[in-house]
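Okay, so here's the structure we're looking at.
The values are calculated or read from the model by the stated rules, or taken from the named source; none is laboratory data. The structure presented is a predicted model; accordingly, all values stated were derived computationally and were not measured. When we count neighbours, we look across all protein chains shown, and the Cβ atoms used for this are built from the backbone with ideal geometry, even at glycine.
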Ligand SMILES: C[S@@+](CC[C@H](N)C(=O)[O-])C[C@H]1O[C@@H](n2cnc3c(N)ncnc32)[C@H](O)[C@@H]1O
């Protein structure tokens, strides 16, 4: 699948009609797609630039763009709830997912975060994705393959329990660990051994009790920096003439992010000083 340039066979194309309804097709030479306004010939799209309007047999007009990663994530089949793009963006930047990084994630779920990690680390890095459920791993694999057009060779998607992963399974300690699972605090003893000194661990948890458990769990390991916790609120705005205001609806809560860095072995971090109460 190409990511830019004129449309080619194999591209996943999003057609948007005048009512902003989306239809997704995969281009094939000689292929057709039937809308309620008649046939669209794939050959009318192949070779055209993105942002072209294609007209169906009965005069329907459709704007053509390739799927962005965000379109794919929000429309793909899911086994488990995905990490939303606003949070995946935070993980990539705050978690410092660099080109060439070796990253461990659990669980793979529907593969949404795997995709973002794979694209960020690129072929010189490696993503190890562990997933305990056989049915979920199928969603993750299919979704990633559909996005990249093939299974990236810098990805190891493994059916297994995070609690049983050893440094040898990963070819040594990793640079970054991202946990999106119900009880990450139960795996901190384990993952501490898998993360390189200076490495970043981030967890994604939906509820306050989970947040408390994971932050206390990180502190109890005594080998991480003081954890930072936050959530990201994304509010879209309507901008039409004088109607310039926040949208009425938003996804107000997805999950909390927790961030910490691994200390060198044997290091005890200075305790953060708090002001004495008067
Ligand atoms: C919310 S989903 C992850 C979604 C994923 N981050 C995404 O963006 O598509 C959580 C996943 O963790 C998996 N899981 C739970 N415990 C696990 C464990 N001990 N080892 C590996 N995977 C686990 C679950 O089966 C589930 O698929």
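Considering (1) assigned to a helix (DSSP H, G or I); (2) near the ligand (Cβ under 8 Å from one of its atoms); (3) in contact with a strand residue (DSSP E or B) (Cβ under 6 Å, 6 or more places away or on another chain), the lone condition that residue 117 does not fulfil carries the number (2). Taken over region 43-91, the criterion of being closer than 26 Å to residue 5 by Cα and either within 15 Å of the ligand (Cβ to nearest atom) or touching a helix residue (DSSP H, G or I) at 6+ places or on another chain (Cβ under 7 Å) (or both) is satisfied by 54, 69, 70, 72, 73, 74, 75, 76, 85, 89.
When residue 68 is tested against (1) over 16 Å from residue 204 (Cβ atoms); (2) in contact (Cβ under 8 Å) with a residue 24 or more places away in the chain; (3) surrounded by fewer than 23 Cβ atoms within 10 Å (Cβ to Cβ), exactly one condition is not met: (2). From the list 188, 157, the one residue that fits, being part of a helix (DSSP H, G or I), within 16 Å of the ligand (Cβ to nearest atom) and at pLDDT 95 or above, is 188. Would you check if residue 203 is surrounded by 13 or more Cβ atoms within 10 Å (Cβ to Cβ), in the same structural domain as residue 80 (by TED's automatic domain parsing) and either on the phi < 0 side of the Ramachandran plot or at pLDDT below 95 (or both)? Yes; evaluated as a whole, the condition is true for this residue.
Looking across 263, 234, one residue alone is within 24 Å of residue 84 (Cβ to Cβ) and surrounded by 11 or more Cβ atoms within 10 Å (Cβ to Cβ). It is 234. Residue 181 fulfils the conditions (1) farther than 12 Å from residue 260 by Cβ; (2) within 15 Å of the ligand (Cβ to nearest atom); (3) assigned to a strand (DSSP E or B) except for a single criterion, (3). Part of a helix (DSSP H, G or I), buried (at least 21 other Cβ atoms within 10 Å of the Cβ) and under 16 Å from the mean Cα position of the chain (by Cα) - does that describe any residue in region 121-136? Checked against the condition, which is being part of a helix (DSSP H, G or I), buried (at least 21 other Cβ atoms within 10 Å of the Cβ) and under 16 Å from the mean Cα position of the chain (by Cα), region 121-136 yields at least one hit. Restricting attention to region 161-178, the residues that are surrounded by 14 or more Cβ atoms within 10 Å (Cβ to Cβ) and more than 7 Å from the ligand (Cβ to nearest atom) add up to 9. At pLDDT below 95, surrounded by 14 or more Cβ atoms within 10 Å (Cβ to Cβ) and assigned to a strand (DSSP E or B), is that true of residue 13? Spelling it out, residue 13 is indeed at pLDDT below 95, surrounded by 14 or more Cβ atoms within 10 Å (Cβ to Cβ) and assigned to a strand (DSSP E or B).
Just give me the residues in region 228-278 being modelled with pLDDT of 95 or more, over 25 Å from the mean Cα position of the chain (by Cα) and within 25 Å of residue 203 (Cβ to Cβ), in sequence order. 263, 264 - these are the residues of region 228-278 that are modelled with pLDDT of 95 or more, over 25 Å from the mean Cα position of the chain (by Cα) and within 25 Å of residue 203 (Cβ to Cβ).
Sort out which residues of region 216-231 are assigned to a strand (DSSP E or B) and within 18 Å of residue 86 (Cβ to Cβ), and write them in order of number.
We begin by selecting, within region 216-231, every residue assigned to a strand (DSSP E or B); these are 224, 228-230.
Answer for region 216-231, where residues must be assigned to a strand (DSSP E or B) and within 18 Å of residue 86 (Cβ to Cβ): 228, 229, 230.
All told, residue 213 meets the bar of being away from the ligand (no atom under 14 Å from the Cβ), part of a helix (DSSP H, G or I) and over 22 Å from the mean Cα position of the chain (by Cα).
Kindly establish whether residue 111 is at positive phi and either surrounded by 16 or more Cβ atoms within 10 Å (Cβ to Cβ) or over 14 Å from the mean Cα position of the chain (by Cα) (or both). Spelling it out, residue 111 is indeed at positive phi and either surrounded by 16 or more Cβ atoms within 10 Å (Cβ to Cβ) or over 14 Å from the mean Cα position of the chain (by Cα) (or both).
The single condition from (1) at pLDDT 95 or above; (2) more than 16 Å from the ligand (Cβ to nearest atom) that residue 149 fails is (1). Do we find that residue 30 is within 25 Å of the chain's Cα centre (by Cα), part of a loop (DSSP other than H, G, I, E, B), away from the ligand (no atom under 13 Å from the Cβ) and more than 30 Å from residue 227 (Cα to Cα) in this structure? For residue 30, the condition - within 25 Å of the chain's Cα centre (by Cα), part of a loop (DSSP other than H, G, I, E, B), away from the ligand (no atom under 13 Å from the Cβ) and more than 30 Å from residue 227 (Cα to Cα) - is not met.
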